[in-house]
Structure formats: C-alpha cells, structure tokens
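Data first, discussion second: the structure below is written as structure tokens.
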Amino acid sequence: MNQIFNTSNEKKNTSKRELLFTFQSIIVTGLLAFTAIAFFYYNNLNIEKGIKVVFAPFLSVVPLLFILSILRDLRNGFKEGNYNKPEIMKFGLITIGVTAAFTGITYLLSEIDALEVLLAAIIAVLSTVFFLRSKIKDILGMSIITGIAEGIIIYMIFLF
Amino acid sequence: MKLKQVNIAFVVTVGVSVLVFVYLVFLGYDEIKTFKDVIKIIASILFPIPMLFFVRFILIEHFLPKNTDEYKLKNQRPATILLLIAVVSSLATMQLLEVVTQQKLEDNLIFAHLINSTTISSYVLNYVLYNNLRVNGILSGVLLSLAVHVFFLSS
C-alpha cells in the first residue's frame, strides 16, 4: 500500500516539473513575440522584399521538424526527487551564463534593420526553444530556457 | 490532493501578481511618456516570473512545513528582528542611493517596479508554498520600507 502511494507521489513530482517546463517555454515564446513587435515598431524596420518574409520561417522550421522526427529523446527526463547542492549550483551558473549570452544576442537582434532578417532570427531562436522543450526534457533544458527569458528581459530593462 | 491544491495556488499567485502589476502600471500612467517606457515597465514586471518558475522547478519537494504553534513561537523573535533590520537597512540604502546619485526613485519608475514586483512575487510565493517565517520577515521589511519611502520620505 505504502509502495503504491510513494510511486504515485513521485510521478506527480515529475509531471509537475514537466508542467512548469511547459509554462516556461510558453513565457519564452511570448517574450520572443514581444521582442519582435517592440523592435519592429520602435526601430521602424522596413520590408525590403515581401516574398522573403513569407519564406523566412521555413529556414529554421523545416530543419527543426526533420530533427524532431528522426531524433530520440536525448535526456532521461525529469528527476523525481530533489536536486542536490552541487547540481543546483551548476545549473544556476549555467542559467546565469545563458542569461548573459542572451542579453548579447538580443542586442545583436536590435541591430538588425530589415524585418525579414529579424523574423528569421526570432524563428530560429523559437525553434531552439521547441527543440529543448521536446527533446531535452531535463533541468538542463529548464535552465537554458530560463536563461533565454531572463536575457531578453534584462536587455529590455537596462539596454533598450 | 494537497499537492494539487498547492500547484493551483502557485498558478493563481502568478496570475494575480501579473494583474496587480498591470494595474499598478496604469496608476503610474502620468510618468509614462514614450512607447519605450511601456516596454521597459512590462519587462521589469515580467522579470521575476521566469526565475520563480525555475526556483519552483528545483525546490519542488520541500514545501509546507507544519505551521504549528511551536514553529511560530520558535521563529517569532528572529523574524521580528529581521523585519526591523530589513526596514532600517533598506530605507538607509535608498536614502543613500538618492543622495549619492542625486536622483529620485520616482523618476526611475522602472527600478521601483522592478524591486516591487520581485519582492511581491517572492513574498506571495513564500507565503503560499514554503512558509519560512524568517524570509517572510525580510521580504515584509523590504516592502514596508519601499512603501514608507514612497509615501513619507519623498516630496
């Protein structure tokens, strides 16, 4: 009886982690859309060739779909128990590193002056997020996604 | 059953805090002048949310200590002392920063929102999930001093 209770409890932890991971990727998607809109209106981007806007997403969406279809899951999934201290330290540092890197990447995005290039770049980041979301279901994926979100926000607050 | 309730509480907390901040932004409507200000304020409001999710992701298990009388009694004195220390020290820090940089906090609306949203989110999260009374003391102190600063010490 106790055994059954324990396994169901642990399974709940895993699914809760998965739910949080999904929420986090939804937030990142929203932030990326927000970035695109903000840059589009504030930097007065112009459309050089309309046909390029239509085809920009395919640059990264097609490889993503291909990779998702042929690749198996890369990590073992979410841990059921607690993380120990060295792991928390390690992934906290990874998050801070990705945050710094993404502040820089957002700065590079703000330098783009054509809508089609911006769109292609943002869809590429979005594809990376979906890749992490579906194949690296792990604390590593979670820390990278958190880093991306915080990087965009920090750029918007302090550098924009 | 309990776990599910706690999870729902977490989601509701995030939702409510987002709503409260949107409301606060409209209260400070006069100071918003350009489209850039709006973006910056939205960003500063969203700032704590990914971090909250990350923290919750890691600390999924250690929540809800037994909220017994014994636990409260044991933590009363340290929590109160921490509250007082936090009020005094963050008031002093804010005064010092204003003197040093020669700028008012109200002129830098983004920082006010940043401090406010981060503190409120972690306060509610701590209150709902972890119930650590000492942390509660510190966060209450920071919020209280921010309110005192904006209300009484700035003209």
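The values are calculated or read from the model by the stated rules, or taken from the named source; none is laboratory data. Just so it is clear, the model here is predicted, and its values are computed rather than measured. Cβ atoms come from the backbone with ideal geometry, glycine included; neighbour counts cover every protein chain shown.
Details
- Condition met for B:ASN116 (touching a residue at least 60 places away in the same chain (Cβ under 8 Å) and either in a helix (DSSP H, G or I) or touching a Leu at 6+ places or on another chain (Cβ under 6 Å) (or both)): yes
- Of the set (1) touching a residue at least 60 places away in the same chain (Cβ under 8 Å); (2) farther than 26 Å from A:PHE131 by Cα, all apply to A:ALA56 but (2).
- Every test in (1) exposed (fewer than 15 other Cβ atoms within 10 Å of the Cβ); (2) closer than 22 Å to A:LEU31 by Cβ; (3) at pLDDT below 90 is passed by A:PHE66 save one, and that test is (2).
- Only residues that are without any contact (Cβ under 8 Å) to a residue 40 or more places away in the chain and more than 27 Å from A:MET156 (Cα to Cα) were counted across the range A:22-53, and they come to 2.
- Within the range A:71-98, the only residue that satisfies the criterion of being more than 13 Å from chain B (Cβ to nearest Cβ) and either closer than 11 Å to B:ILE58 by Cβ or among the polar types (S, T, N, Q) (or both) is A:ASN76.
- One residue stands out in the range A:127-156 among those that are away from chain B (no Cβ under 11 Å) and touching a Ser or Thr at 6+ places or on another chain (Cβ under 6 Å): the one that is farthest from A:TYR83 (Cα to Cα), namely A:SER127.
- Test: B:SER121 is within 14 Å of another protein chain (Cβ to nearest Cβ), surrounded by 13 or more Cβ atoms within 10 Å (Cβ to Cβ) and more than 16 Å from B:VAL150 (Cβ to Cβ): yes
- Any helices (runs of 4 or more DSSP H) falling wholly within the range B:1-102 and containing at least 3 residues that are at pLDDT 80 or above, over 17 Å from B:SER117 (Cβ atoms) and under 20 Å from the mean Cα position of the chain (by Cα): B:69-101
- Boolean, B:SER140 is within 22 Å of A:PHE158 (Cα to Cα), among the small types (Gly, Ala, Ser) and assigned to a helix (DSSP H, G or I): no
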